[in-house]
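Only the coordinates and a few stated rules stand behind these numbers; no lab work does. Since the model is a prediction, treat every value here as computed from it, not as a measurement. Neighbour counts run over all protein chains shown; Cβ positions are idealised from the backbone, glycine included.
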Amino acid sequence: MSHIHAQPGQQPPSPQPLPGVSNIIAVGSGKGGVGKTTLSVNLAVALGKLGYKVGLLDADVYGPNVPLMLGTNAQPKATGKDRIEPIHAFGLKVISVGLLNPGDKPIIWRGPMLHQIIRQFLGSVEWGQLDYLVIDLPPGTGDVALSLIQTVPLTGAVVVSTPSDVSLQDGRKAIEMFRQMKVDLIGVVENMSFFVCPHCSHEIDIFSRGGAERTAQQFGVPFLGAIQLDPELRKSGDTGNPAVLQGENSPHAKSLYEFARRVIARVDEIRAGAAEPVIQIQ
């Protein structure tokens, strides 16, 4: 079985592009509980609704929640020797450990095993032609992120944080990890940014507010927007109906589409080789 690190004196194998896949976007966070998978799922579905061909790889092997949020328990099919057909949901091609290991049984894997499953999900799945492959990483800066970066060339990474100081402290570690691994930062998005009272429409900063934008400025990376703390967003995830299905004009989905469009703009900048991010928040 493959190991994450090369033997002493050997160079690790260089990342190999995925044939037919134009852009690979990793979505990460420094800590759990910040809504990273919710944003990964809604980003992928929004990109599809905006007319792109999109795949979603659930690499959060410890908490593979993508199947729940897409409302599916379909089983991927083997299509020949060492080839896997992804499932289809809301126009996406999807693969997840949660589809291979359904239920509540935990997955207990060491680093080399994680490396192998990531390589298999990337190289053995029939992704076909994709404009974007969105990869939902586990929280933190561990083996899975390292394996991904060593296996395929990432177009860039999105870091998800809430405005709280605890979340931001760990979010900064995620930013530094991607920088040290020479991965372009698409930007930082602030989730659970504020709550709008359903009775008086007053905005309440439950977890503080604006911290992720200040962190983005501090590190010189784009700020991709603020997503409000919305019970509808939680409900849509729990019921397997991503909020962006409600359309760009829905108050529950508007900021998610704005986030997706900023990701598109930033990816275009990276692909064009822009030296400095010029993305502006309206």
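Remarks
- For the pair Lys77 and Asp238, the difference between a 0.36 nm per residue extended length and the Cα-Cα distance amounts to 55.4 nm.
- Above-threshold pairs, the threshold being 27 Å between Cα atoms, out of Lys77/Lys254; Lys36/Lys254; Lys182/Lys235; Lys53/Lys254; Lys93/Lys235; Lys36/Lys173: Lys77/Lys254; Lys182/Lys235
- Each of Leu245 and His88 was given a label point 7 Å from its Cα along the Cα-to-Cβ line. The distance between the two points is 1.6 nm.
- Residue order for His88, His252, fewest other beta carbons within 10 angstrom first, comes to His88, His252.
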